[in-house]
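Right, one structure below, let's go through it.
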Amino acid sequence: MNAFVTALVALAAALSVGAAGAWIVVRRKHIDRWLFAYLRQVAWPAAAPSGTIDILVCVADHYEPAWLGASLDVQRRRVDEWVEKLPALCDRHRDSDGCGYRHSFFFPAEEYQPDHLDKLAHLCRQGFGDVEVHLHHDRDTAENLRRSLLQFTSTLHERHGLLRKSDETGQIEYAFIHGNWALDNSMPDGSGCGVNDEITVLRDTGCYLDMTFPSAPSPNQPPTINSIYYATDDPRRPNSHAVGVPVRAGAAPVGDLMLIQGPLTLNWRSRVKGIAPRIENGELTGDNPPTPERADLWIRQGIHVANQPNWVFVKLHTHGAQESNAGVMFGAEFDRTLSHLERRYNDGVRYRLHYVTAREMYLIAKAAEAGCTGNAGRFRNDISSAASIASVTPVLVG
């Protein structure tokens, strides 16, 4: 309870310095939507892992070359910067499996340009990352959304050699990030989506994973935080992912869509105007660049599949096509942070570090769900082996 008392006292102290003004900030930043979940996690932390801890790091990039209505020439320059600089970044940083850093480009369907995807596909074929699906839409219908997703995923796979087909169904599969955070029509004013049964549409069109959240300080930040869970759609109502069923080792899936969230907490060491703690949401930007201290905070959230605390999932996000953010990703800040991860969390005894794509992170989550233990890196590419290994690897479910 000591950590809980410390957080509560610190929060009370922050609020006492101009309580009315502080509460206005809390409401304006929509912290009240997830504050109780935060306090509950501080008060009752998950069971501490024992043995070697595997740290899985994935950067999910809301990759938007046409940001702010950029001309095609500007878009091409933005993409070319990644083509030129990402290989060197990946080669400089290696994890416990000998794999380099890898990047997950969630490309917006509405910004499709063939030459952009050709260039990103070339990076992916070299092992530097993967491409998944991003989408901004507004006042949409389920029928149009279904058609848009199927057309885009087919184009990515058939024309650019991206995404993969399910071994079981032959359907093209993809991970997803919703534009403007508005998954399942979750914005309070109804903007940015319009489809109450979006989770059903995503499931039916081959989506296996959502990585939209956290969205704080957006008003549609769900009350569920720092979690890996299944959402079950209520097609009549929005925001079906607000709560769900945890993905649990040794248990069957329960729901329509898996969500892997990134870290969300309050950073008491970084305060706004020296008073209120800064929201830590795992975003990598020019205004809030990565640091070793932030990296430690991400890991301390201990996001994991229930009953498998030894595999810690660190899903970060950025808008990497924006010049200021690309400067951070290819600058000293990100280099220093990755080097810190490699020094502190990759000794092979207490920690193993794994740089993973969105798909690899999903496969490892499914392996944990199947009851697999040990080195998480074994499951980054092959979900079929998880069941056979789990059948001979005991797992305690409680």
Using a 1.4 Å probe on the protein heavy atoms only, what accessible surface does Ser148 show? Give it in Å² to the nearest 10.
40
Under the rule of at least 5 residues apart or a separate chain, name every residue whose amide H is placed under 5 Å from the amide H of Leu266.
Glu280
Restricting the stretch 325-377 to GluC sites (Glu not before Pro) in coil, as DSSP defines it, with at most 12 other Cβ within 10 Å:
none
Could you report the chain's accessible area per residue, 1.4 Å probe, as an integer in Å²?
42
Work from the charge dipole of the stretch 107-217 (Cβ charges, +1 for Lys and Arg, -1 for Asp and Glu, about the Cα centre) and give the residue of His137, His157, Met211 farthest towards its positive end.
His157
What size of dipole, in debye to the nearest 20, comes out for the stretch 331-380 about its Cα centre when the only charges are +1 on Lys and Arg C-beta atoms and -1 on Asp and Glu C-beta atoms?
140
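Ordering Arg359, Arg92 by how much accessible area each has at a 1.4 Å probe, largest first, what is the list? All intermediate terms of the calculation are to be shown ahead of the outcome.
Values: Arg359 40, Arg92 120 Å².
So, going from the largest accessible area down, we get Arg92, Arg359.
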Considering only protein heavy atoms and a probe of 1.4 Å, how much of the accessible area of the stretch 78-135 is carbon and sulfur, as a whole percent?
48
Where in the stretch 295-313 does the amide nitrogen come within less than 12 Å of the point 7 Å from the Cα of Arg278, taken along Cα to Cβ?
295
Whole-Hz Karplus couplings 3J(HN,Hα) for the stretch 309-321, θ = phi - 60° and coefficients 6.51, -1.76, 1.60, Gly and Pro as x, run x, 7, 10, 9, 9, 10, 9, 9, 8, 8, 10, x, 6
Below 19 Å Cα-Cα, how many Lys pairs turn up in the chain? Only count pairs eight or more apart in sequence, or on different chains, if you could.
4
So what does Lys366 come to for accessible area, using a 1.4 Å probe and Å² rounded to 10?
40
Note on the chain: contact order normalised by length, alpha-carbon pairs under 8 Å, 6 or more apart, percent, works out to 21
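Counting Lys and Arg as +1 and Asp and Glu as -1, each charge on the Cβ, what is the dipole of the chain about the Cα centre in debye, to the nearest 20?
Working: 40 positive and 46 negative charges, 261 e Å.
Value, rounded to 20: 1260 debye.
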Can you list the HN-Hα couplings for the stretch 147-164, worked out from phi with the Karplus curve (6.51, -1.76, 1.60; θ = phi - 60°), rounded to whole Hz and with x for Gly and Pro?
5, 5, 5, 5, 5, 5, 5, 5, 5, 4, 7, 6, 8, 10, x, 9, 6, 9
Using a 1.4 Å probe and ignoring any ligands, DNA or RNA, find the accessible area of His319 and quote it in Å² to the nearest 10.
30
The ³J(HN,Hα) series, computed from each phi in the stretch 115-121 with the Karplus coefficients 6.51, -1.76 and 1.60 at θ = phi - 60°, rounded to the nearest Hz and given as x for glycine or proline, is 5, 4, 5, 4, 5, 5, 4
Sorted by chain and number, the residues with a modelled amide H under 5 Å from that of Gln171, at a separation of 5 or more or across chains, are Ser166
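Protein chains only, probe 1.4 Å: how do Asp204, Asp210 rank by accessible area, largest first?
So, going from the largest accessible area down, we get Asp204, Asp210.
The values are calculated or read from the model by the stated rules, or taken from the named source; none is laboratory data. Everything numeric here is computed off the predicted structure, so don't read it as measured data. Reconstructed Cβ throughout: ideal geometry from the backbone, glycine too, with neighbour counts over all protein chains shown. In case anyone asks, the SASA skips ligands and DNA or RNA and just uses the protein heavy atoms, side chains included. Shrake-Rupley method; radii C 1.70, N 1.55, O 1.52, S 1.80 Å.
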